C-alpha cells in the first residue's frame, strides 16, 4: 500500500483553524493527526474535547488522535464521542496496556501505542498482534518544530521485523521532525505513515508540500 500522510493540526493556525482543516480536506493527505497534551505527561497543553469536536465537524478524513496524557483510560469513551477514529496512547503512560488497548477497541476505534525516543520497541513484543498502529516518536514529545532523532531508523527496522515475525497488521507511524530530507528513507526503512506538522503548515504551499510527501521516490 502507499504510505499515509497525516498533517499535525498542532502546527496549524489556530486563529484560522477551519481554513487549515479545509486545506487538509482538499489535499492528498490521508488523516488528520491531533495531539492531545495535558501539561503533566509532556510539558505542554493542547487540544481538549471541544476543539476536537469542532475539528470533526469540518474534517472529512480519518481522525488520528494521539494522547500524550497520564491515565488515558479515563477518557477513552470521550474521545470516541468527539470523533476519534484511531486512538493512540503512550506505553509510558499505561500501567495495564493490554486492558487499555482492549478498551479502545471496544469503543470501535483502532488502537495505537506510542513509544518515546528512549523506549525500545521490544516492550511491545507481547502485544504487537493486538495493535493497529505503533507510533514511534522521532523527537521528544511536547513541542512541534524539533530536530529529528536519527536512531529512529533503527527502531523502525526492528519494529518492522517484529511485525512481520508476529503476523501483526500494525501500521508504523512516525511523528517528529519529518521533512523532505528524511521522508523517503523513513518509508524505505519500513514506515507506513508520516506525521508532518511544521514542515507542512509553515511551507509556502502546504497542499504542494503534502503532495510531495505523498509522492516519494523510494
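Tabulated results
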item: Inter-residue pairs, beta-carbon under 6 Å, first closer than 16 Å to residue 169 by Cβ and in the range 102-114, second part of a helix (DSSP H, G or I), 6+ apart; result: 104/76; 109/80; 111/101; 111/104; 111/105; 113/91
item: Test for residue 73: is it in contact with a helix residue (DSSP H, G or I) (Cβ under 8 Å, 6 or more places away or on another chain), without any contact (Cβ under 8 Å) to a residue 40 or more places away in the chain, under 28 Å from residue 120 (Cβ atoms) and surrounded by fewer than 17 Cβ atoms within 10 Å (Cβ to Cβ); result: yes
item: Counted residues, the range 184-207 - those being over 16 Å from residue 20 (Cα atoms) and in contact with a strand residue (DSSP E or B) (Cβ under 8 Å, 6 or more places away or on another chain); result: 7
item: Residue that is surrounded by fewer than 16 Cβ atoms within 10 Å (Cβ to Cβ) and within 22 Å of residue 11 (Cβ to Cβ), where the choices are 141, 117; result: 117
item: Cβ pairs under 8 Å, 6+ apart, first in the range 23-41 and on the phi > 0 side of the Ramachandran plot, second in a strand (DSSP E or B); result: 39/45
item: Of residues in the range 1-51 being part of a loop (DSSP other than H, G, I, E, B) and out of contact with any strand residue (DSSP E or B) (no Cβ under 8 Å at 6 or more places or on another chain), the one farthest from residue 216 (Cα to Cα); result: 40
item: Neighbours by Cβ (under 6 Å, 6+ apart or cross-chain): first from the range 48-60, on the phi < 0 side of the Ramachandran plot and at pLDDT 95 or above; second in a helix (DSSP H, G or I) and surrounded by fewer than 14 Cβ atoms within 10 Å (Cβ to Cβ); result: 58/18; 60/25
item: Residue count for the range 83-110, restricted to those that are surrounded by 20 or more Cβ atoms within 10 Å (Cβ to Cβ) and over 24 Å from residue 43 (Cα atoms); result: 3
item: Residue match in the range 125-133 (condition: under 30 Å from residue 27 (Cβ atoms), assigned to a strand (DSSP E or B) and within 16 Å of the chain's Cα centre (by Cα)); result: yes
item: Test: residue in the range 87-95 that is touching a residue at least 40 places away in the same chain (Cβ under 8 Å), in contact with a strand residue (DSSP E or B) (Cβ under 9 Å, 6 or more places away or on another chain), under 24 Å from residue 136 (Cβ atoms) and assigned to a strand (DSSP E or B); result: yes
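The values are calculated or read from the model by the stated rules, or taken from the named source; none is laboratory data. Because the structure is predicted, anything quoted here is derived from the model rather than measured. Counting neighbours? That spans all protein chains shown, and the Cβs are built from the backbone with ideal geometry, glycine included.
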